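All remarks here apply to the structure that follows.
The values are calculated or read from the model by the stated rules, or taken from the named source; none is laboratory data. Only a predicted model underlies this, so the values are computations on that prediction, with no experimental measurement involved. No Cβ is skipped: glycine too gets one built from the backbone with ideal geometry, and neighbour counts run over all protein chains shown. Ligands, DNA and RNA are stripped out before the accessible areas are found, and what is left, the full protein with its side chains, is counted by its heavy atoms. Shrake-Rupley method; radii C 1.70, N 1.55, O 1.52, S 1.80 Å.
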Amino acid sequence: MTRIKAFVTLTLLGGLAVVLPIAIFILLFQWLFGQISELVAPATQWMQAHTEFKDNFARLIVLALILGLCFVIGLLVKTSVGRWAHRHLDYWLGRLAPGYSTIKDVVLQFIGGAGSEGVLSGPVARARIHGADNPLSVTAIVTSQHPNGDFTVYVPTAPVPTSGFVYHLPAECVEILPHVTVEAAMKSIVSCGSGSGALLKAPERSV
């Protein structure tokens, strides 16, 4: 009876391990699609009224048009005229729209651009936030290195790495992990530390 119970339990857990990630992904996609649909609702309603596209297909068309517009704008800002217009638009929005500069800086820090390497460019480090002599350490991403050798690191929280803490640490409290990619570190954080053993294992030296 015990063997049957263990077999059923392990089989059920194995099925959940396959189904749950897919279900969560679908739910997340539905939530994100719903949020974006609300934002583009006016354009979707206009398209439904003036074309044969209806409901979700109309939303997809609107989203595709928005992405296409972003691509075109990206091409334009690569030209001298586009850079001039973007520079002046940034200047006036920064002066007239409260919070615009802060939002822009946050976006650039995460996706990179305009001279910013971005948070997701790494490198990954093991940070001792309570001092070099304290054994406690956290997975961190180095966001800045200062002239005096100190580091500024971003420590994501699990399981949502988009929120976290910023620490300013001396060099002796930061151990760079050049063999660890940001993607691998984020995967470990999202899974609440699962797989950290392989993540923090020192790379084997080639003979």
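For segment 182-201, state whether one or more residues are assigned to a strand (DSSP E or B), closer than 14 Å to G122 by Cα and touching a helix residue (DSSP H, G or I) at 6+ places or on another chain (Cβ under 6 Å). If you could, list the steps in order and put the result at the bottom.
So the first thing to find is which residues in segment 182-201 are assigned to a strand (DSSP E or B), and the list is none.
Checking segment 182-201: not a single residue is assigned to a strand (DSSP E or B), closer than 14 Å to G122 by Cα and touching a helix residue (DSSP H, G or I) at 6+ places or on another chain (Cβ under 6 Å).
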Qualifying positions in segment 7-25 - among the small types (G, A, S) and at pLDDT 70 or above
G15, A23
Tell me which of these A158 doesn't satisfy, since it passes every other one: (1) part of a loop (DSSP other than H, G, I, E, B); (2) of a type in the set (A, V, I, L, M); (3) more than 15 Å from the chain's Cα centre (by Cα).
(3)
Flag for Y167 being touching a Cys at 6+ places or on another chain (Cβ under 9 Å) and in a strand (DSSP E or B):
yes
Looking only at segment 78-113, count how many residues are surrounded by 12 or more Cβ atoms within 10 Å (Cβ to Cβ), modelled with pLDDT of 80 or more and of a type in the set (V, I, T).
0
Go through segment 161-181 and give me each residue that's among the aliphatic types (A, V, I, L, M) and open to solvent by 40 Å² or more (accessible area, probe 1.4 Å).
V166, A171, I176
Of the residues in segment 133-147, how many are out of contact with any helix residue (DSSP H, G or I) (no Cβ under 8 Å at 6 or more places or on another chain) and surrounded by 10 or more Cβ atoms within 10 Å (Cβ to Cβ)?
8
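Of all residues in segment 137-155, how many are assigned to a loop (DSSP other than H, G, I, E, B) and either touching a residue at least 60 places away in the same chain (Cβ under 8 Å) or within 14 Å of S196 (Cβ to Cβ) (or both)?
Looking only at that region, the number is 1.
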Among the residues of segment 119-132, are any basic (K, R), at pLDDT below 75 and surrounded by 11 or more Cβ atoms within 10 Å (Cβ to Cβ)?
no
The conditions are (1) over 15 Å from P123 (Cα atoms); (2) of a type outside the set (V, I, T); (3) open to solvent by 40 Å² or more (accessible area, probe 1.4 Å), and D150 fails exactly one of them. Which is it?
(1)
